[in-house]
Amino acid sequence: FPRWKPCCSAAMNIKWRTFSYVLSASIGKTKEPIAIYGAGDYGRQVFSELIRTGDCPIAAWCDQNYAAIGYPVQPPEVLKKARFSYVIVTPRMPRVYHAIRKMLMDMGIPAEKILWADALERGERKDK
């Protein structure tokens, strides 16, 4: 991915150590590629932190509004062909997360490969 300028202020600081620890525990030590769904403020922060830290490679970064956002964000359909261990869904509202989760499952992505960034930040492996 090209250089992506961090866009988040200190006020939006996520609990990155907890997030990173739970993400590492979820994907194991293999450093397999992941996908990110969501390019809002929180999605951009997750993308920026993963690029900055090199915690794991990014196979795809998708959002329904990809055309308005521009590269490197791609349409969700790329997830059908992308190789990734998990897709991290970044919208924080539960109803939005569940709608995206359903859409991803309808695309053929198994439920166990879908992680919610909000749950990871809380130190949980699964969404509640």
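Restricting the first member to region 82-108 and to residues that are within 18 Å of residue 49 (Cβ to Cβ) and modelled with pLDDT under 90, and the second to residues that are in a helix (DSSP H, G or I) and among the aromatic types (Phe, Trp, Tyr), the beta-carbon pairs closer than 6 Å and six or more apart or on different chains are 92/42. Across region 52-77, the number of residues qualifying as assigned to a helix (DSSP H, G or I), at pLDDT 95 or above and either within 15 Å of residue 40 (Cα to Cα) or open to solvent by less than 60 Å² (accessible area, probe 1.4 Å) (or both) comes to 1.
The values are calculated or read from the model by the stated rules, or taken from the named source; none is laboratory data. Not measured: the values here are computed from a predicted model. Counting neighbours? That spans all protein chains shown, and the Cβs are built from the backbone with ideal geometry, glycine included. Please note that ligands, DNA and RNA were not included when accessible areas were found on the heavy atoms of the full protein model with its side chains. Shrake-Rupley method; radii C 1.70, N 1.55, O 1.52, S 1.80 Å.
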